[in-house]
Amino acid sequence: MRIHRARPFPTDPNPGEPVVPKSFPPPLRARVFALLMLPLALLARAADVPLPTPQQIAWHEAGVGLFFHWAPNVYQGGEGDNLSTPRDRINPDRFDATQWVRAVKAANAGYLIFVAKHGGGYCAWQTRSTDYSLTTSPWRQGKGDMLGDLSTACRAGDVRLGVYLAPYDETHGAGVGGKTKDPARQTAYDEVYRRQLTEILSGYGPMFEMWFDGGNIVPINDIIDRLAPGIISFQGRRTGGSRWVGTEHGFAPYPCWNTIDWKEGETPREGPGTPTGNLWCPAECDVSIIRPRWFWSPGCDQSILSLESLLEIYYMSVGRGVNLLLNVTPDSHGEVPAAQMQRLAEFGDEIRQRFAKPIFATRGTGNELAVELGGAKTIDHLVMREDIVGGERIRRFTVEGRGPNGAWLRLATGTQVGVRQIVPIAPAKVTALRFAVQECVGVANLREFAGYHVDRPVPSIAHREGGRPVMGPPAISRSRDGHFAIACPTPEWETRYTLDGTDPVRGSTLYREPRKLASGGMLKARYFAIDDASGPGGPVAARRFGLPPSQVAVLRASSEEKDTPATAAFDGDPKTMWHTAWRASMAPPPHTVVLDLGKSRAVDGVAYLSRQDAVGNFPKAIRVFVADKPEGFSALPEFEGSFGNFKTEPHAWRQVVFPKASRGRYVKLVYTDALNRAQCVASAEIEILAGE
């Protein structure tokens with residue numbers, strides 16, 4: 001079987017062969033050597049670990065895939081098909097499968113997943129299972145076949161093809177997992193779904209991956225065993241599959257183990273996995289290039305992710321050993337918009353440029369691998385990969401570099417290596433490196449240990465796990481009841497803080513544990529290196545806290561979704577959010593929320609945190625009203641303005657401060673408009689700045 005690779009990182013022709021890039025200089029290659037074999041303590045009772053299938057290994061090698069969502073809801077402007085579009089209007093008349101394949105190539109991706117049927121039940125191929133399909137479209141007189149064209153184009157373009165076949169099907173009355181709302185219809189729907197899967201697996205060539213989004217209760221394993229026994233089944237109730245990472249923002253946790261605890265017949269659980277699992281079932285990160293939308297709608301390209309955001313996602317998915325499935329949104333004509341094609345090309349070019357030429361690359365077996373560089377070299381990225389043919393065995397490791405003065409400096413530590421780890425570090429000039437294993441199941445087999453001088457900006461979030469810490473502003477958080485916490489990424493630093501508005505110095509209060517600010521206030525914090533008494537310290541983080549979320553009650557909101565209610569903006573958890581209505585119909589501005597502060601207070605500002613899982617849905621303008629009664633707001637606001645344009649630091653806290661405080665118990669916030677001609681607004685957290 002030929003293995004297609006996206007090549008976003010150094011690869012070798014065969015998993016069992018050494019990594020020797022063409023740019024690898026001969027004098028340096030001669031000075032790369034493995035040192036000690038694992039001691040007996042690590043080898044004792046080396047238990048077997050789950051192993052990937054050959055198909056899973058090929059899937060891991062691809063690294064990046066593109067997701068293509070297209071269904072009748074592109075004519076409706078919604079995320080779900082409401083079955084209202086006339087059949088003769090469903091016409092992908094500019095669909096060109098070769099353009100989609102070019103998009104895959106441009107993004108440096110290795111596979112393509114096509115949503116051939118989404119939750120509405122529309123089938124984008126020549127199916128005999130339903131007439132809610134391209135068979136009743138005017139496109140090519142009802143003979144058009146998007147899946148067929150893609151199958152041909154992918155073979156010609158050397159791209160792996162996969163299919164999303166939703167078990168959910170509104171046309172046939174089936175809900176999540178393919179369970180019909182009327183039990184009497186279950187057998188009939190099972191037959192429909194089994195026919196659809198059979199048509200795809202038997203009529204459209206080898207499939208790389210099948211997506212069964214939300215799990216699947218329809219019995220299909222016998223069909224897969226017969227027609228595609230090695231296929232990757234996303235959320236399938238079988239071995240040899242993949243699982244959801246657990247979010248739709250493209251970030252994987254670290255570590256994100258490739259093994260899980262699994263019982264035969266169950267849908268794989270999402271999340272970080274476990275190193276002691278009994279089944280190899282890796283996670284996949286899915287995220288849309290248009291957030292939060294998965295389908296095209298007029299004007300959606302205004303919310304396209306920036307190149308910086310895509311790089312952040314790459315480091316937090318592929319860089320953590322998890323496949324990235326990046327969604328693009330073909331329009332109502334079936335064409336990928338030019339702006340998305342351009343952004344995909346920018347993304348692919350950037351990845352290729354970053355990882356085109358390593359300073360060194362080697363492999364080895366044992367608990368220590370050392371590399372002599374033949375002189376001082378600057379390293380700012382490390383890439384490590386285990387030979388996963390033998391499973392995932394490393395449990396804890398350290399990477400050190402020897403400086404020009406002969407002293408060894410810790411560059412990176414971590415737990416998982418697995419498929420790959422791309423670890424950005426603070427630039428270090430070193431003459432040698434060594435990779436050391438502290439914990440392992442059996443013998444460590446490192447397929448690749450490489451160093452790069454990328455010399456390009458790296459998203460700050462990528463430094464948080466596994467890399468040599470870079471001293472930036474401290475990360476400050478607060479609980480719902482008002483306790484603030486300050487995270488410190490390394491025991492080599494200490495954190496000093498102030499509450500009086502002055503910048504922290506070494507003599508300021510040492511942070512030891514969370515502390516409560518009952519009514520908010522100004523907090524400033526700064527890191528200091530413990531072993532450098534004369535050092536100036538890092539940048540200062542400053543945040544003025546509003547009232548604790550527990551002291552604010554939501555009385556009413558103009559619109560919300562059930563899973564993103566207005567109360568989520570006042571729960572102290574930045575991972576949740578208030579999102580104005582968008583599923584059934586898009587609620588237009590203004591968007592309003594009315595709050596009860598519990599007692600009369602001197603309100604002098606508002607702090608806002610945008611949604612943290614994507615970039616977009618920002619408020620363009622805000623009006624703030626304060627009153628003594630929940631229905632007593634005047635026509636004139638106490639404040640009218642904006643939080644800015646969000647072009648820089650879109651995920652940072654922002655605040656507006658009134659010219660003077662206004663006293664009252666009740667506050668009404670009104671988002672009068674949204675940025676970039678959007679309709680909806682999302683708020684991860686909102687805080688009311690107020691005094692007694």
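So, in region 485-510, exactly how many residues are crowded, with 19+ Cβ neighbours inside 10 Å and touching a Ser or Thr at 6+ places or on another chain (Cβ under 9 Å)? Spell out the reasoning first.
Step one: of region 485-510, the residues crowded, with 19+ Cβ neighbours inside 10 Å are 486, 493, 495-497, 504, 508.
Among the residues that remain, those that are also touching a Ser or Thr at 6+ places or on another chain (Cβ under 9 Å) are: 486, 496-497, 504, 508.
Result for region 485-510: 5.
Quick check on my filter: what residues within region 187-219 are of a type outside the set (Ser, Thr, Tyr) and part of a loop (DSSP other than H, G, I, E, B)?
The answer is 205, 206, 207, 208, 212, 213, 214, 215, 216, 217, 218, 219.
Looking at 130, 152, 135, which is the one that is surrounded by fewer than 20 Cβ atoms within 10 Å (Cβ to Cβ), over 26 Å from the mean Cα position of the chain (by Cα) and farther than 27 Å from residue 103 by Cα?
Values: 152 fails: farther than 27 Å from residue 103 by Cα; 135 fails: farther than 27 Å from residue 103 by Cα.
Sole residue among the options that is surrounded by fewer than 20 Cβ atoms within 10 Å (Cβ to Cβ), over 26 Å from the mean Cα position of the chain (by Cα) and farther than 27 Å from residue 103 by Cα: 130.
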If I go through region 220-234 residue by residue, how many of them are part of a loop (DSSP other than H, G, I, E, B) and either under 16 Å from residue 55 (Cβ atoms) or charged (D, E, K, R) (or both)? 4
Would region 637-645 turn up any residue that is loosely packed, with under 14 Cβ neighbours inside 10 Å and modelled with pLDDT under 90? yes
Give 406, 374 a once-over and let me know the one that is surrounded by fewer than 20 Cβ atoms within 10 Å (Cβ to Cβ), assigned to a strand (DSSP E or B) and not hydroxyl-bearing (Ser, Thr, Tyr). 374
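What's the total number of residues in region 74-121 that are basic (Lys, Arg) and closer than 19 Å to residue 149 by Cα? Break it down stepwise before answering.
Start the filter on region 74-121 by keeping residues that are basic (Lys, Arg), which leaves 87, 89, 94, 102, 105, 117.
When the remaining residues are screened for being closer than 19 Å to residue 149 by Cα, the result is 94, 102, 105, 117.
Selection size over region 74-121: 4.
If only one of 205, 246, 240 is closer than 20 Å to residue 49 by Cα, touching a strand residue (DSSP E or B) at 6+ places or on another chain (Cβ under 9 Å) and assigned by TED's automatic domain parsing to the domain that holds residue 153, which one is it? Outline the logic, then answer.
Numbers: 205 fails: closer than 20 Å to residue 49 by Cα; 246 fails: closer than 20 Å to residue 49 by Cα.
It is 240.
Can you give me the number of residues within region 156-169 that are surrounded by fewer than 19 Cβ atoms within 10 Å (Cβ to Cβ) and outside any loop (DSSP other than H, G, I, E, B)?
Result for region 156-169: 2.
I'd like to know if region 378-391 contains one or more residues that are under 24 Å from residue 58 (Cβ atoms), among the basic types (Lys, Arg) and assigned to a loop (DSSP other than H, G, I, E, B). Please lay out each step first, then the result.
The first filter runs over region 378-391 and keeps only residues under 24 Å from residue 58 (Cβ atoms), leaving 383-391.
Cutting the leftovers down to among the basic types (Lys, Arg) gives us 385.
Imposing the further condition that a residue be assigned to a loop (DSSP other than H, G, I, E, B) reduces the set to none.
Within region 378-391 (the criterion being under 24 Å from residue 58 (Cβ atoms), among the basic types (Lys, Arg) and assigned to a loop (DSSP other than H, G, I, E, B)), the answer is no, since none of the residues qualifies.
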Scan of region 664-676 for residues that are surrounded by fewer than 21 Cβ atoms within 10 Å (Cβ to Cβ), modelled with pLDDT under 95 and either in the same structural domain as residue 301 (by TED's automatic domain parsing) or in a strand (DSSP E or B) (or both), ordered by number: 672, 673
Out of 458, 454, report the one residue that is surrounded by fewer than 23 Cβ atoms within 10 Å (Cβ to Cβ), under 30 Å from residue 685 (Cβ atoms), in contact (Cβ under 8 Å) with a residue 40 or more places away in the chain and under 25 Å from the mean Cα position of the chain (by Cα). 458
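Please determine, by comparing only the residues of region 58-116 that are part of a loop (DSSP other than H, G, I, E, B) and hydroxyl-bearing (Ser, Thr, Tyr), which one is surrounded by the most Cβ atoms within 10 Å (Cβ to Cβ).
Within region 58-116, the first condition is being part of a loop (DSSP other than H, G, I, E, B), and the residues that meet it are 63, 69-71, 76-86, 90-96, 107-110.
Next cut, hydroxyl-bearing (Ser, Thr, Tyr) only: 84-85.
Working: 84: 12, 85: 18.
That would be 85.
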Would you check which residues across region 323-339 are within 20 Å of residue 110 (Cα to Cα) and either touching a Leu at 6+ places or on another chain (Cβ under 7 Å) or aliphatic (A, V, I, L, M) (or both) and list them? 324, 325, 326, 328, 336
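Working only within region 513-546, note down all residues that are loosely packed, with under 13 Cβ neighbours inside 10 Å and over 26 Å from residue 607 (Cα atoms).
Step one: filter region 513-546 for residues loosely packed, with under 13 Cβ neighbours inside 10 Å, giving 513, 516, 518, 530-534, 536, 539.
Across region 513-546, the qualifying residues are 530, 531, 532, 533, 534, 536.
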Considering residues that are assigned to a loop (DSSP other than H, G, I, E, B), under 30 Å from residue 399 (Cβ atoms) and not aliphatic (A, V, I, L, M), the number found within region 332-371 is 5
Search region 268-284 for residues that are among the polar types (S, T, N, Q) and pair each with any residue that is in a loop (DSSP other than H, G, I, E, B) when their beta-carbon atoms are under 7 Å apart and the residues are at least 6 apart or on different chains. 274/257; 274/261; 278/50; 278/261; 278/262
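Could you run through region 677-692 and say how many residues are more than 25 Å from residue 572 (Cβ to Cβ) and surrounded by fewer than 16 Cβ atoms within 10 Å (Cβ to Cβ)?
Here is the first cut: in region 677-692, the residues more than 25 Å from residue 572 (Cβ to Cβ) are 677-679.
With the extra rule that they be surrounded by fewer than 16 Cβ atoms within 10 Å (Cβ to Cβ), the set shrinks to 677.
Count: 1.
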When you go through (1) over 18 Å from the mean Cα position of the chain (by Cα); (2) closer than 24 Å to residue 211 by Cα; (3) surrounded by 23 or more Cβ atoms within 10 Å (Cβ to Cβ) one by one for residue 279, which number turns out not to apply? (3)
Which condition does residue 634 not pass, out of (1) buried (at least 18 other Cβ atoms within 10 Å of the Cβ); (2) at pLDDT below 95, if it passes all the others? (1)
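Taking the options 84, 133, name whichever one is in contact with a Cys (Cβ under 8 Å, 6 or more places away or on another chain) and among the polar types (S, T, N, Q).
Numbers: 84 fails: in contact with a Cys (Cβ under 8 Å, 6 or more places away or on another chain).
Sole residue among the options that is in contact with a Cys (Cβ under 8 Å, 6 or more places away or on another chain) and among the polar types (S, T, N, Q): 133.
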Among strands (runs of 3 or more DSSP E) entirely within region 540-639, at least 3 residues that are within 23 Å of residue 484 (Cα to Cα) occur in 541-545, 591-609
Could you tell me how many of the residues in region 293-314 are closer than 10 Å to residue 250 by Cβ and among the hydroxyl-bearing types (Ser, Thr, Tyr)? 2
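Which of the residues belonging to region 253-291 are touching a Leu at 6+ places or on another chain (Cβ under 7 Å), closer than 27 Å to residue 311 by Cα and among the hydrophobic types (A, V, I, L, M, F, W, C)? Give the derivation first.
Our first condition is that a residue be touching a Leu at 6+ places or on another chain (Cβ under 7 Å); within region 253-291, this holds for 259-260, 262, 280, 284-287, 289, 291.
Within this subset, residues satisfying the condition of being closer than 27 Å to residue 311 by Cα are 259, 284-287, 289, 291.
Hits for region 253-291 are 285, 287, 289.
The values are calculated or read from the model by the stated rules, or taken from the named source; none is laboratory data. Predicted model, so just to flag it, every value in this text is computed and none were measured. Cβ atoms come from the backbone with ideal geometry, glycine included; neighbour counts cover every protein chain shown.
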